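Chemist: First the structure, which I've put down as structure tokens, then a few questions once you've had a look.
The values are calculated or read from the model by the stated rules, or taken from the named source; none is laboratory data. Predicted model only: the values in this text are computed from it and were never measured. When we count neighbours, we look across all protein chains shown, and the Cβ atoms used for this are built from the backbone with ideal geometry, even at glycine.
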Amino acid sequence: MKRIALLLLLVLSACSGTSEPPLDLLLAFASGHQIVFYPPGKADAASVGDWEIGADVVDLARPAGSSLLWVLTPQQLRAYPISGGDLAHAPVLQAPQLSLDLNGDCASGRLRPGENALLVSCGQTGVWTVPYDAPLLQALDTSGDDPGTLYLPGPDDQVARLTPTLSGFRLQFPGGDGLQTFEISSVSNAENLVAAWRQNVLAVAMDDGSQSYLYTWDAGGGEDPKPLGGPLALHGLRWIGYLGGAAEGWLLGSDSGYALRRQHKSDLLRNTPVALATVTPDEYAYLAADAKLTVLDLLDPQLQEHSRTLTLSPRALVYLPVGE
């Protein structure tokens, strides 16, 4: 009830121009063998504890509503219970509720939460889905895919496949009796590719070493991905996600800074690097690069930056609700 009441206050505050404190959650950052927990909000603060898990952490995921923190290591997928934490204390480290051997190297892997299953992408070692209600590795057929293909679970956990090409990208998505295929060729030298879903819309961004290009695609429309505005002065793309609140648009994070492409407003472009990010339900965005954390209050029309310092250079970032 406390959580629902605070969310209602946030809706009212968006009309009045004020903002409420963050909800009861912690930010979890992974670096080396550790997962380090920090309190939320705009003010600089020390960590409230850490976990030492005995293996390099490659990626983290916490599906919406889940009481498990999924941790990818180079050899295993683990699921740790989240319990005993609050705003001043890290959750109690317990033995993993689940450990699945990957039978290969996943040192550069990714975790992508879907609606009903977690997608585990380990490149040429394999790609799997893991249903939340029956957590077993279920192999995805990748026999015809290029090594650099990105996999993103979308509506109904159908998996989009994005393959970088020399001049753009190829998008494949289940449809009819096979895969629909769409080709985008619009740059002379595509270097980086990032993508994210927002409901039925997939946003894809790529850069050519000096500028970035943003496309959106409607999974139910059957049409080619369409450019969303012109080029952005970003290079070294690392992250993309949708921001709500006063921001209301797609945020692209890169080595050279970040850009917010807003509807019916001019682009917001800043030179603060972004390697990782997460957006919390109380309309805060946390942008991380090296040992710096930049916080945006998405109910602030000016989207003022608030800087915090970390004691680590994180490889992964998620938020965890606590005190429930």
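Chemist: Can you pull out the residues in segment 152-176 that are among the charged types (D, E, K, R) and either within 17 Å of Asp218 (Cβ to Cβ) or buried (at least 18 other Cβ atoms within 10 Å of the Cβ) (or both)?
Modeler: Of everything in segment 152-176, those that are among the charged types (D, E, K, R) and either within 17 Å of Asp218 (Cβ to Cβ) or buried (at least 18 other Cβ atoms within 10 Å of the Cβ) (or both) turn out to be Asp156, Arg161.
Chemist: Does segment 140-151 hold any residues that are over 15 Å from Thr181 (Cα atoms) and either touching an Asp or Glu at 6+ places or on another chain (Cβ under 7 Å) or exposed (fewer than 10 other Cβ atoms within 10 Å of the Cβ) (or both), and which are they?
Modeler: Asp141, Ser143, Pro147, listed by residue number.
Chemist: Looking at Gly244, Gly253, which is the one that is surrounded by fewer than 18 Cβ atoms within 10 Å (Cβ to Cβ) and among the small types (Gly, Ala, Ser)?
Modeler: Within the list Gly244, Gly253, the selection yields Gly244.
Chemist: Being exposed (fewer than 14 other Cβ atoms within 10 Å of the Cβ) and within 30 Å of Asp282 (Cβ to Cβ) is the filter here, so list the residues in segment 204-219 that pass it.
Modeler: Hit for segment 204-219 is Asp218, nothing else.
Chemist: I've got another one for you. Suppose we filter segment 226-237 for residues that are within 23 Å of the chain's Cα centre (by Cα) and surrounded by fewer than 20 Cβ atoms within 10 Å (Cβ to Cβ); how many remain?
Modeler: Residues that pass the stated criteria total 8.
Chemist: Hey, another quick one. Scan segment 211-223 for residues that are in a loop (DSSP other than H, G, I, E, B) and touching a Leu at 6+ places or on another chain (Cβ under 9 Å) and report the count.
Modeler: Residues meeting the conditions: 2.
Chemist: Give the residue, chosen from Leu60, Leu72, Leu26, that is over 22 Å from Ala285 (Cβ atoms), hydrophobic (A, V, I, L, M, F, W, C) and modelled with pLDDT of 55 or more.
Modeler: Leu72
Chemist: From Val120, Val187, Val127, which residue is closer than 20 Å to Asp224 by Cα, surrounded by 13 or more Cβ atoms within 10 Å (Cβ to Cβ) and either aliphatic (A, V, I, L, M) or touching a Pro at 6+ places or on another chain (Cβ under 7 Å) (or both)?
Modeler: Result of the check over Val120, Val187, Val127: Val187.
Chemist: Determine, yes or no, whether Glu283 is over 21 Å from Ala28 (Cβ atoms) and modelled with pLDDT under 95.
Modeler: Considered against the rule, which asks whether it is over 21 Å from Ala28 (Cβ atoms) and modelled with pLDDT under 95, Glu283 comes out as no.
Chemist: Quick check on segment 38-79: of everything there that is part of a strand (DSSP E or B) and more than 19 Å from the chain's Cα centre (by Cα), which residue is surrounded by the most Cβ atoms within 10 Å (Cβ to Cβ)?
Modeler: Across segment 38-79, the extreme among qualifying residues is Trp51.
Chemist: Go through (1) under 25 Å from Thr165 (Cα atoms); (2) touching a Pro at 6+ places or on another chain (Cβ under 7 Å); (3) assigned to a strand (DSSP E or B) one by one and return the number of the condition Ala195 breaks.
Modeler: Going through the list (1) under 25 Å from Thr165 (Cα atoms); (2) touching a Pro at 6+ places or on another chain (Cβ under 7 Å); (3) assigned to a strand (DSSP E or B), Ala195 breaks only (2).
Chemist: For segment 88-102, state whether one or more residues are farther than 26 Å from Asp133 by Cβ and surrounded by fewer than 16 Cβ atoms within 10 Å (Cβ to Cβ).
Modeler: Within segment 88-102, one or more residues are farther than 26 Å from Asp133 by Cβ and surrounded by fewer than 16 Cβ atoms within 10 Å (Cβ to Cβ).
Chemist: Something else: Please go through (1) under 30 Å from Gly175 (Cβ atoms); (2) under 16 Å from the mean Cα position of the chain (by Cα); (3) not acidic (Asp, Glu) for Leu287 and return the number of the only condition it doesn't satisfy.
Modeler: (1)
Chemist: A further question on this structure: Is it true that Leu179 is surrounded by 14 or more Cβ atoms within 10 Å (Cβ to Cβ), out of contact with any Asp or Glu (no Cβ under 6 Å at 6 or more places or on another chain) and at pLDDT below 95?
Modeler: Taking the combined requirement at face value, the residue satisfies it.
Chemist: While we're looking at this one, here's another question. Answer yes if at least one residue in segment 294-306 is surrounded by fewer than 18 Cβ atoms within 10 Å (Cβ to Cβ) and under 21 Å from Ala30 (Cβ atoms), and no otherwise.
Modeler: Among the residues of segment 294-306, not one is surrounded by fewer than 18 Cβ atoms within 10 Å (Cβ to Cβ) and under 21 Å from Ala30 (Cβ atoms), which makes the answer no.
Chemist: Return yes when Gln172 is touching a Pro at 6+ places or on another chain (Cβ under 8 Å) and without any contact (Cβ under 8 Å) to a residue 60 or more places away in the chain and no when it is not.
Modeler: no
Chemist: Among (1) in contact with a Gly (Cβ under 7 Å, 6 or more places away or on another chain); (2) outside any strand (DSSP E or B); (3) of a type outside the set (S, T, N, Q), which single condition is Asp146 missing?
Modeler: That leaves (1) as the condition not met.
Chemist: Take segment 198-210 and flag every residue that is acidic (Asp, Glu) and outside any loop (DSSP other than H, G, I, E, B).
Modeler: Asp207
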